Amino acid sequence: SAVISQKPSRDICQRGTSLTIQCQVDSQVTMMFWYRQQPGQSLTLIATANQGSEATYESGFVIDKFPISRPNLTFSTLTVSNMSPEDSSIYLCSVEGVSTDTQYFGPGTRLTVL
Amino acid sequence: RKEVEQDPGPFNVPEGATVAFNCTYSNSASQSFFWYRQDCRKEPKLLMSVYSSGNEDGRFTAQLNRASQYISLLIRDSKLSDSATYLCVPQNRDDKIIFGKGTRLHILP
């Protein structure tokens with residue numbers, strides 16, 4: 001399985017600011033995803049991070065609010081822009097296994113917006 | 001209908017007992033199926049894949065019923081360390097995996 005790291009592991013931010021979360025994988029992967037998990041809720045897919053092209057966003061999520069970069073096959077960033085308290089959540093990076101169709105998750109970034 | 005439905009629980013089960021969860025999914029085109037385990041305040045971790053023929057991994061047995069569109073997980077001889085939320089996860093053809101809220105399990109000493 002891939003080893004995934006995320007930075008920062010947690011942050012407390014002020015309303016109106018932006019935070020960029022980094023996801024690093026120890027091997028090249030084709031598929032990378034960003035999820036969020038709000039308190040007491042299930043994981044919700046935000047977008048698929050595509051290498052070399054714009055991310056594919058799920059319904060309810062837009063690029064202006066959650067810009068995503070994927071400069072290569074081992075790294076991606078998610079930015080949470082113009083934050084509000086409703087953005088307080090755990091943000092998780094996920095990758096698909098090279099030889100399997102299973103997904104592996106990073107440790108998550110716990111974001112609190114005041 | 002929700003894409004994935006699970007009884008949220010919590011299931012409070014004495015240590016050593018056998019416990020079973022079911023999960024239903026709505027998309028008949030789902031290709032692959034998994035059970036994930038999520039500990040409190042942690043990321044989900046893959047527990048096991050679910051094959052059409054069913055599969056067993058130690059104390060854990062997973063079954064798939066495509067006709068009825070449900071997946072089951074059986075845990076035998078439950079341990080305190082089995083306390084977690086169990087997420088049933090179908091994967092669609094477009095590689096998107098869908099999470100429900102999961103089923104919370106508490107193993108009681």
- Message: Across the protein assembly as shown, what fraction of all alpha-carbon pairs, as a whole percent, falls in each successive 5 Å bin from zero upward?
- Response: 1, 7, 14, 18, 18, 16, 12, 8, 4, 1, 0
- Listed residue pairs exceeding 28 Å between alpha carbons, taken from A:7/B:79; A:65/B:2; B:2/B:79: A:7/B:79; B:2/B:79
- Task: Mind checking chain B for trypsin sites (Lys or Arg not before Pro) that DSSP puts in a loop (not H, G, I, E or B) and that have at most 12 other Cβ atoms within 10 Å?
- Result: B:1, B:2, B:41, B:66, B:79, B:93
- Note on the structure: Taking N as the residue count of chain A, its alpha carbon Rg divided by 2.2 N^0.38 Å gives 0.99
- Note on the structure: In chain A the cysteines whose Cβ sits 4.7 Å or more from every other Cys Cβ are A:13
- So, in Å, what gap is there between the alpha-carbon centers of the range A:1-63 and the range B:1-79? 25 Å
- Which aspartates and glutamates does residue B:45 reach when only Cα atoms under 20 Å apart count, and residues fewer than 8 places away in its own chain are ignored? A:26, A:96, A:101, B:5, B:7, B:56, B:57, B:82, B:95
- Message: Let me check the size of the range B:5-109 from its C-alpha atoms; what are the radius of gyration and Dmax in Å?
- Response: 13.1, 43
- Item | Added length on full extension, which subtracts the Cα-Cα distance from 0.36 nm per residue, residue A:54 to residue A:12 | 12.3 nm
- Message: Please flag any cysteine in chain B that has no other cysteine's Cβ under 4.7 angstrom from its own Cβ.
- Response: B:40
- How high is the relative contact order of the range A:30-114, given as a whole-number percent (alpha carbon pairs under 8 Å, six or more residues apart)? 28 percent
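Laboratory data are not the source of any read-out in this text; all were calculated from the coordinates shown. As the structure is a prediction and not an experimental result, all values here were calculated from the model. Glycine gets a Cβ as well: all are built from the backbone with ideal geometry, and neighbour counts include every protein chain shown.
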